[in-house]
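Structure first, then comments.
The values are calculated or read from the model by the stated rules, or taken from the named source; none is laboratory data. It should be emphasised that the depicted structure is a prediction, and the values quoted were computed from it without experimental measurement. Virtual Cβ from ideal backbone geometry, glycine too; neighbours counted across all protein chains shown. Heavy atoms of the whole protein, side chains included, go into the accessibility calculation; ligands, DNA and RNA do not. Shrake-Rupley method; radii C 1.70, N 1.55, O 1.52, S 1.80 Å.
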Amino acid sequence: MNMIDERKVLDFYLEEMDKDSIMFLKNKPWYKEEIAAEVKKLKEEKEMHNKIKICKKLWKVLFEASMSSIDSDRRGYDDLFQYFDEYVNFEELIFASDSFYRDHTMHCLWVYFLGEYIFKNEEFKPFLHKYGKGNEGFKQFCEVAKNSVHKDVFKAFLEFDELLNESENIDDALRCLAALTHDLGYPIKKINSINKNIKGILPHFGIKNYSEFDFSYSDIHDNLIKDFLNLMCFRFNFSVDAGKKGDKIYKKILNLDKHGIIAGIKEEEFLKLSEEDKEVLMENDVKIDLSFDYSRHMRYSKDFENYQHGIMSAFLLFRKLSVFNNKQFSYVDYKTLKVDKHDVISLGTLVNMLEAITDHTSDGFQMSEINGSSSFLTFIDELEEFSRISRANQNRQYINEFCKSNIYVEDEYLNIDFTFDNTQIDNLDPERAFKGRCKRFLTLFNIRELDDNLKIRLRCIGNLPYDNNVYMLEIRKKFANITINGEEKSIPKYLKSKQFFTKEEYSF
């Protein structure tokens with residue numbers, strides 16, 4: 001079975017470009033030509049230094065093409081690109097300070113390319129069947145209304161449906177941007193590692209009085225940080241103020257879920273609408289409400305306090321780019337909102353990007369299905385291993401392949417195999433890597449509420465002189481199990497943690 005590697009995902013991406021299926025590149029031959037040229041160079045390049053140079057250029061072109069397709073305001077691009085250059089230079093410093101540090105410059109690009117390989121590949125569709133389907137009931141209603149004699153009655157709904165279609169067309173750009181930028185805040189995480197190296201050197205020169213490099217935000221930043229957190233926690237809701245009569249009619253023709261969201265249409269009742277009913281409904285318009293997700297605000301505040309690199313990456317974008325403050329909207333209270341509907345779609349997409357970047361390192365983030373940008377980015381980030389360069393050997397040489405990866409579908413399971421066979425890396429430990437994956441997956445996925453289609457087998461396969469074991473984690477709805485060479489292990493005992501359950505407890 002062929003492994004998934006750089007060449008495979010790049011070839012797939014080039015094919016998708018030829019099909020014109022990358023929405024943010026449609027009708028933009030100048031971007032397509034430049035991106036295709038750089039991708040082909042990257043596919044053939046062997047030297048690590050040259051690969052990084054290509055990746056730096058490719059990152060900027062992809063960012064420009066995808067972000068400008070959402071909003072034409074380019075103020076801040078130069079500032080962000082300058083930071084990215086510094087970020088790449090700083091990463092070389094981190095490589096020197098931490099022998100087990102692994103590349104992030106190229107990793108961000110590979111997360112994007114691997115994500116497109118999985119998202120656009122028919123083989124993986126069953127695991128993504130909930131992706132982007134949050135408005136399915138509303139769209140079903142609009143489709144019926146559009147083709148009925150009641151079309152004029154629901155004009156406002158149909159106009160909003162067109163806006164939703166616009167937002168779907170920029171979803172490709174959203175996935176690209178989230179992948180490219182999700183680790184920009186990573187240097188903040190490595191400051192302690194650099195401090196540790198400095199602390200080991202200075203005493204040899206008789207220097208005993210020194211202070212570690214430290215940082216904190218001053219009071220002057222409070223308002224900006226507060227605005228940033230608030231923006232990510234606002235929710236735009238579209239509703240109809242129909243009055244008692246109108247509500248009664250809507251309940252008669254619509255299927256609503258427990259949250260009052262349209263889940264479908266009662267077509268037979270819809271077609272029987274009377275003239276009196278239509279007169280009542282003609283007076284209604286779709287309006288925009290604003291709500292505030294306080295639980296999310298608490299989670300993100302904690303992430304910011306801990307300098308999680310996901311939220312720091314999002315904050316960097318918020319500070320650098322003008323697209324986050326060029327939208328004109330105001331409110332008196334959460335129910336009285338003045339905003340252009342087109343601005344809501346583009347701003348909602350940008351906020352969605354910030355949320356995805358933040359959620360991928362947020363301690364409180366958990367998912368039961370791959371249904372949107374946060375869950376998709378986080379999952380793909382966990383899968384991307386084939387490009388992770390490290391310097392984890394005694395000769396200080398760069399190791400290009402930490403492990404081999406294979407991702408495939410078998411027996412209705414998404415199978416993820418990581419094969420450890422690189423003898424160049426000193427003390428490579430498949431079991432240690434496996435335990436880390438188990439802890440991450442069992443924390444990240446809500447096992448008891450998992451979507452019925454989402455079944456995962458993750459294996460770390462030792463192919464080394466000292467380790468030929470097969471370590472396997474299997475999860476599906478109300479089921480989790482760890483085995484080594486087919487022998488079951490007690491999950492909390494094996495992981496030495498009380499926060500995980502036994503196989504039997506997960507089934508309750």
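Of note:
- Axis of helix 243-253 versus longest Cα principal axis of the chain: the two differ by about 70°, to the nearest ten degrees.
- Between helix 105-119 and the chain there is an angle of about 50 degrees, using the helix long axis and the longest principal axis of the Cα atoms.
- Using a probe radius of 1.4 angstrom, the carbon and sulfur fraction of the accessible surface of region 441-500 is 42%.
- With Cα atoms, 0 to 90° folded angle of helix 294-305 axis to the chain main axis: 20 degrees
- Tensor-based shape of region 118-163 (alpha-carbon gyration tensor, a/c under 1.5 rounded, otherwise prolate or oblate): prolate
- Sequence-distant aspartates and glutamates (8 or more away, or on other chains) whose Cα lies within less than 16 Å of Lys53: Glu34, Glu38, Glu44, Glu45, Asp85, Glu86, Glu91, Glu92, Asp103
- Exceeding the 29 Å Cα-Cα cut-off - candidates Lys302/Lys439; Lys199/Lys226; Lys56/Lys404: Lys199/Lys226
- Only Lys, Arg (+1) and Asp, Glu (-1) charged, at Cβ; the chain dipole about Cα centre in debye: 1220 debye
- Values (1) 90, 89, 44; (2) 87, 55, 47; (3) 72, 64, 48 are given for comparison; Cα extents along the principal axes in Å, derived from the coordinates here, is the one labelled (2).
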